[in-house]
Amino acid sequence: MGYEFDFSFIWDFWPDLAWGALETVLLSGASIILGFVAGAGLAVAKVHGSRTVSTLANIYVEAIRNTPLVVQAFWLFFGLAAMGLRMPAFYAAIVTLVINVSAYTAEIIRAGMESIPKGQFEAADCLALSRRQVLFHVELPQAVERVYPALISQSVLMMLASSIMSQISVEELTGAAYGIQSITFRGFEIYIVVAVIYLLLSVLMRFAMEGIAQLAFTRRRRLGTPL
Amino acid sequence: MGSSVTIAHYILMLQGMLWTIGLSLMGFVGGTIVGLPIAIGRISQSKALRRSLGLYIALIQGIPLPILMFLCYFGISVAGFNVPALVAAGMAMTAYASAYLAEIWRGSLQSVPKAQWEAAECLALTRLQRMVHVILPQAVKISIPPTIGFLVQIVKNTSYAVVIGFAELTYTARLINNSTFKPFVVFTVAAVLYFAICFPLSHFSRRLERKLKRA
Amino acid sequence: MTNIVEFHNVRKSYGALEVLKGVSLSVPKGSVVALIGRSGSGKSTALRCVNGLESIQGGELNVCGRKLHEAGVKLRELRKDVGIVFQSYNLFPHKTVEENITLSPRLTRGLSKAQAREVAQRVLAQVGLSEKAASYPEQLSGGQQQRVAIARSLAMEPELMLFDEVTSALDPELTGEVLKTIEALAKGGMTMILVTHEMAFAKRVANQIVFMHQGVVWETGDGRMLDAPQTPELRNFIGNGL
Ligand SMILES: Nc1ncnc2c1ncn2[C@@H]1O[C@H](COP(=O)(O)OP(=O)(O)OP(=O)(O)O)[C@@H](O)[C@H]1O
Ligand SMILES: [Mg+2]
């Protein structure tokens, strides 16, 4: 087929790739943390909220889960621009990702909450704990621990999905690749390299999140129970 | 600033939606053709086969779909062909769907109770006969709700074809927004169209799953 | 002598099913009452009414000076005075034994970490598990877990303890260690109501035995009542039970 692969240009552009990768990590890290908090809040609204609150939470979750992330990003980014509001693309990307991932996280945590045996709540009630105390000391910690593997997968998926933020001109890894491609015209090579970087990032991310689990779930660490 | 969104624009969006559906079907059909053998290979007795198929799945699942789109797009031209973006997008969707469908179906095959496999063995059936007559019918039933659930992912993720300029719904909406500068109208309509396809599928998948759990 | 619990003609239904059909019963301070009866006779329901896990639909129920038949009872306050232990231990699996015990004293009684630890050490000593403070529930035997559950209730310093078939899930040997713990509590003057199938234990420890049948107190008396049942239902129950 006569095509000659040439990866030599990578050495000229590695700082762009490094910055891109860093931006991807920051983007995903911030979105995972904020998305977790928002998702947990939504899960609580779904499970414990009044009828109105839980219906609203359900509508939100369904609306987000049944529309593409790209459309959400365009809606927010171009929408803000049309309203004359200037938000840096990086922050618009975080807001979109948090809105998006919170809906998925909510479903995961809700499933965790519903899998806790009823006896746990009865015991907590009988110990005179308030609803809030039950939530924070009994329900959420157990729910999150139970569904943590799903949260890891979810987070990796989100990191991969953040690549689409290049479309709203965020200079993350894919954006950087796009820039390099338009200078070097070595599209195939650059995307192979970037694919490998994403693979590494997904592996690193799993490691990092398993490390967090070791810190957060004392019992797992002490007893060596796998997630 | 900008002009208003006209009927012609809405018609364009509906056309985009048809391309979205078309690309989704390509992804699902292609994903099935590639993914089903992988699912079966993943439970074969050969460790090497299981490993290499596992590697394929891990690779595809560890690379963002937009990057897969680019790889197919540039890969095809590197190979010396000049084809429309549709082909590249279809290939990327096939690769993507095959990895996830294979995992879903492997799970379904493995959740057929052990006793069924053993019973089938006792009936002196060949491995192929066992698969076709005993295991598959049961696995198919288990696999339907998650497969339909994954269809939702396929439909939504065809929007990533926007990166290679394939004129599905999202790309069309973006073009219209560029000329009309009415992002809330344009992208809300696009979102509603996606929702109209995805929500019934999600809902159906959940209902089937609940029904299956009760049975 | 003051009564810590008084049932007056208490009625309780689940939907159309009336489970308690006029239960009357008093529990004086410091006494041990054993509830016995067939499955479905309403023992657990009666017990659960005492700490407000179930609400009643008729009659009067006074517990630790609170009128549970009236509206506006502060259930959380009631539960600081009334401890309960279930057949399934319901320990919090993600917390150590000590954290299980100190959780409520710290949150509901505002004890400092150090104070709560002291309480934990005291109640763990009471149930004979001082050395298990740092263990997790899954590392303990069923009997040990049940004793931790008892300790967790005791840490609330309740006036009254309720036990609902706390040994039913345990092997005979483990049953023995839990019963010993409860017996020691009784000797220490704790007021308690216990639902049990262990007739010998009921006879030895209880001041009063209450035989429930079809949602009412059918027969009651001290331990000797088991040797000389007055009603054919109790005679029948003991006959099958032993
Ligand atoms: N939450 C509930 N909803 C509906 N019915 C209930 C509920 N809890 C108990 N019942 C019914 O009330 C009746 C009395 O139940 P209860 O648990 O008090 O019996 P028990 O004497 O403790 O029996 P056991 O020895 O089996 O524990 C039973 O017929 C039971 O089915
Ligand atoms: Mg009972």
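Pick out, from the stretch C:135-242, the helices (runs of 4 or more DSSP H) lying fully within it that include 2 or more residues that are within 23 Å of C:ARG79 (Cα to Cα).
Numbers: elements: C:142-154, C:172-187, C:199-205, C:232-241.
Because the criterion is at least 2 residues that are within 23 Å of C:ARG79 (Cα to Cα), the helices (runs of 4 or more DSSP H) in the stretch C:135-242 that meet it are C:142-154, C:172-187.
Quickly run through the stretch C:6-35 and pick out the residues that are within 14 Å of C:ASN62 (Cα to Cα) and either within 16 Å of ligand 2 (Cβ to nearest atom) or within 14 Å of chain A (Cβ to nearest Cβ) (or both).
We begin by selecting, within the stretch C:6-35, every residue within 14 Å of C:ASN62 (Cα to Cα); these are C:6-11, C:23-29.
Hit for the stretch C:6-35 is C:VAL23, nothing else.
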- Item | Residues of the stretch A:194-216 classified as open to solvent by 30 Å² or more (accessible area, probe 1.4 Å) and under 17 Å from A:ASP12 (Cβ atoms), total | 1
- Task: Output the qualifying pairs, or none if there are none: Cβ atoms under 7 angstrom, residues six or more apart or on different chains, first residue in the stretch C:199-212 and without any contact (Cβ under 8 Å) to a residue 60 or more places away in the chain, second residue within 16 Å of ligand 2 (Cβ to nearest atom) and among the hydroxyl-bearing types (Ser, Thr, Tyr).
- Result: none
- Message: Would you confirm whether or not the stretch C:128-143 contains a residue that is in contact (Cβ under 8 Å) with a residue 40 or more places away in the chain and closer than 28 Å to C:PHE7 by Cβ?
- Response: no
- Item | Within the stretch A:100-122, considering residues that are among the β-branched types (Val, Ile, Thr) and under 20 Å from A:PRO68 (Cβ atoms), the one farthest from the other protein chains (Cβ to nearest Cβ) | A:THR105
- From (1) surrounded by fewer than 17 Cβ atoms within 10 Å (Cβ to Cβ); (2) at pLDDT 95 or above, pick out the condition that doesn't hold for B:ILE63. (1)
- Query: Considering only the stretch C:43-74, how many residues are in a helix (DSSP H, G or I), within 14 Å of chain A (Cβ to nearest Cβ) and either away from ligand 1 (no atom under 13 Å from the Cβ) or of a type in the set (Lys, Arg) (or both)?
  - Reply: 1
- Got a sec? Which of B:VAL152, B:VAL162 is under 24 Å from the mean Cα position of the chain (by Cα), farther than 25 Å from B:ALA8 by Cβ and within 9 Å of another protein chain (Cβ to nearest Cβ)? B:VAL152
- Condition check for C:CYS49: touching an Asp or Glu at 6+ places or on another chain (Cβ under 6 Å) and within 22 Å of C:LEU20 (Cα to Cα): no
- In the set B:THR180, B:THR172, the lone residue that is at pLDDT below 95 and touching a Gly at 6+ places or on another chain (Cβ under 6 Å) is B:THR180
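Given the criterion open to solvent by 40 Å² or more (accessible area, probe 1.4 Å) and more than 11 Å from ligand 1 (Cβ to nearest atom), identify the matching residue among C:TYR14, C:TYR89. Can you show your working first?
Working: C:TYR14 fails: more than 11 Å from ligand 1 (Cβ to nearest atom).
So the residue among C:TYR14, C:TYR89 that is open to solvent by 40 Å² or more (accessible area, probe 1.4 Å) and more than 11 Å from ligand 1 (Cβ to nearest atom) is C:TYR89.
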- Message: Residues to consider are C:GLU183, C:GLU198; find the one that is among the charged types (D, E, K, R) and within 16 Å of ligand 1 (Cβ to nearest atom).
- Response: C:GLU198
- C:PHE86 passes all but one of the listed conditions (1) within 11 Å of chain A (Cβ to nearest Cβ); (2) aromatic (Phe, Trp, Tyr); (3) without any contact (Cβ under 8 Å) to a residue 40 or more places away in the chain; the exception is number (3)
- Query: Any idea which of C:LEU124, C:LEU111, C:LEU68, C:LEU78 is over 25 Å from C:LEU174 (Cβ atoms) and open to solvent by less than 10 Å² (accessible area, probe 1.4 Å)?
  - Reply: C:LEU78
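The values are calculated or read from the model by the stated rules, or taken from the named source; none is laboratory data. Please read all numbers here as calculations on a predicted model, not as lab measurements. We place every Cβ from the backbone using ideal geometry, glycine too, and count neighbours over all the protein chains shown. Note: accessible area is taken over every heavy atom of the protein model, side chains too, but ligands, DNA and RNA are not part of it. Shrake-Rupley method; radii C 1.70, N 1.55, O 1.52, S 1.80 Å.
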